[in-house]
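Working notes, structure below.
The values are calculated or read from the model by the stated rules, or taken from the named source; none is laboratory data. For clarity, every value in this text was computed on a predicted model and none was experimentally measured. Cβ coordinates were reconstructed from backbone atoms using ideal geometry, including for glycine residues, and neighbour counts include every protein chain displayed. Ligands, DNA and RNA are stripped out before the accessible areas are found, and what is left, the full protein with its side chains, is counted by its heavy atoms. Shrake-Rupley method; radii C 1.70, N 1.55, O 1.52, S 1.80 Å.
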Amino acid sequence: MANSPSLEGAKVILLDIEGTTTSISFVKDVLFPYARANVEAYLRKQWGDDDTKAILRDLQALAEQDISDGVEGVKPILPLTDSAQVPEDVLQSVLKNIFWQMDLDRKTTPLKLLQGKIWKSGYDKGELKGHVYADVPEAFIRWTTQGKKLYIYSSGSVQAQILLFGHSEAGDLCKYLSGYFDTTTGYKNETTSYTTIASKIGVQPEDILFLTDVAAEAFAASDAGMQVQVLIRPGNKPLLESELEAFRTIQDFTVL
Ligand SMILES: CSCCC(=O)C(=O)COP(=O)(O)O
Ligand SMILES: [Mg+2]
């Protein structure tokens, strides 16, 4: 594929986060360890609230589905009860399942929703600041000045996305963003996720330029009709020769 990057007349720019606007190391070495270190305390404190109960129900349903699907190594979650006290055995089974999912970097919706809630307290306490590459704020200003609408599509929850850009090292960048999508819209390797996003935004897929670091996501978006360019940021997973031939690649946003 010719390597002449351009916005190609896109009306909308859809942005991935990890490996695209934000370093993989920030997600893997800061955000994920923060969630892992604080998940037990969070669950003990919030066990009875409605949001947490909904996430726990989804985690248990997912564990049962994994078992039914014969997923290797899945950690079962004991039946959830409405007891006022946190049932230690159930809590420990939930934690084992969560840590197992984290070890696999699974992008399941209940895990991502829970991580987002844990990160909120970290951002609110000033213990977390969202990493964005130096070229990101300038690009957001440039593209919005050109009349482009910017949206985020990440496996991280919408809450986690708003927190990252709202508490970024470059200040509040949410003012440049028109909307957010996460896996409640669909998983990122599914073509239908991208047709749904285009429909929700109210444009044709061809009007959207999707920027990501993951080839599987690029193929799914391209199959939906979107324009796609793939980021090669420091620390990103190297692309296969076939993937390099399939998509335009860029090192950063300065060329767009
Ligand atoms: C919103 S920051 C956390 C990102 C996250 O949890 C993740 O799994 C990264 O996924 P992405 O789709 O942004 O590469
Ligand atoms: Mg990514």
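Can you list the equivalent-ellipsoid semi-axes of the chain, largest first and in whole Å, using the square root of 5 times each Cα gyration tensor eigenvalue? Walk me through the intermediate numbers first.
Numbers: eigenvalues 231, 81, 53 Å².
The equivalent ellipsoid of the chain has semi-axes of 34, 20, 16 Å.
Using a Debye calculation, one point per C-alpha and no hydration shell, please list log10 I(q)/I(0) for segment 206-256 at q = 0.13, 0.32 Å⁻¹ in order.
-0.27, -1.36
Where a Cα-Cα gap under 28 Å defines reach, which lysines qualify for K45, not counting those fewer than 8 residues away within the same chain?
Within the straight-line limit of under 28 Å, K45 reaches these lysines: K28, K53, K75, K96, K107, K112, K117, K120, K125, K129.
Report the semi-axes of the equivalent ellipsoid for segment 149-203 in whole Å, largest first, where each axis is √(5λ) for an eigenvalue λ of the Cα gyration tensor. Each step should come with its number before you reach the end.
Values: eigenvalues 95, 33, 9 Å².
Semi-axes from the Cα gyration tensor: 22, 13, 7 Å.
With equal scatterers on the alpha carbons only and no solvent term, can you work out the Debye log10 of I(q)/I(0) for segment 20-60 at 0.20, 0.32 1/Å?
-0.71, -0.98
Stokes-Einstein at 10 °C, 1.306 mPa s, Kirkwood radius from Cα pairs: D for segment 111-212 in µm² s⁻¹?
Values: Rh = 14.5 Å.
Rounded to a whole number, D works out at 110 µm²/s.
Using only C-alpha atoms and all pairs of different ones, pull out the Kirkwood radius for segment 41-125 in Å with one decimal. Working shown, then result.
Values: mean 1/r = 0.0752 Å⁻¹.
In segment 41-125 this quantity evaluates to 13.3 Å.
Taking only DSSP H segments of four or more residues, each worth -39500 (n - 2.57), what value at 222 nm results for the chain once the sum is divided by all its residues, to the nearest 500 deg cm²/dmol?
Numbers: 9 runs with 112 residues, N = 256.
Helices in the chain give a 222 nm mean residue ellipticity of -13500 deg cm²/dmol.
Residue separation times 0.36 nm, minus the C-alpha to C-alpha distance between E40 and R142: what's the value? Write out the running numbers ahead of the final one.
On the way: separation 102, 0.36 × 102 = 36.72 nm, distance 4.23 nm.
Length gained between E40 and R142: 32.5 nm.
For segment 1-72, state the semi-axes of the equivalent ellipsoid (square roots of 5 times the eigenvalues of the alpha-carbon gyration tensor), sorted largest first and rounded to whole angstrom. Numbers along the way, then the final one.
Numbers: eigenvalues 258, 72, 44 Å².
Calculated on Cα positions only, the semi-axes equal 36, 19, 15 Å.
Who wins for biggest fluctuation among P137, P79, P234 in a Gaussian network model of the chain, springs between alpha carbons below 10 Å?
Comparing P137, P79, P234 in the GNM, the peak value goes to P79.
Taking amide H atoms as placed 1.01 Å from N in the peptide plane, list the residues 5 or more away in sequence, or in a different chain, whose amide H sits under 5 Å from that of T249.
V230
How large is the accessible surface per residue of the chain, computed with a 1.4 Å probe and reported in Å² as a whole number? Write down the numbers at each step before the final one.
Details: 11640 Å² over 256 residues.
Dividing the accessible area of the chain by its residue count gives 45 Å².
Once the Cα atoms of segment 157-256 are picked out, what are the Rg and Dmax in Å?
For segment 157-256, the Cα radius of gyration and maximum Cα-Cα distance read 14.2, 38 Å.
I want to check the label-to-label distance for Q251 and T81. Put each point 7 Å from Cα in the C-beta direction and report it in nm to one decimal.
Inter-label distance under the simple model: 6.1 nm.
Could you look at the chain and say what percent of its accessible area is carbon and sulfur, using a 1.4 Å probe and all protein chains? Walk me through the numbers on the way to the answer.
Working: 6130 of 11640 Å².
Of all accessible area on the chain, carbon and sulfur atoms account for 53 percent.
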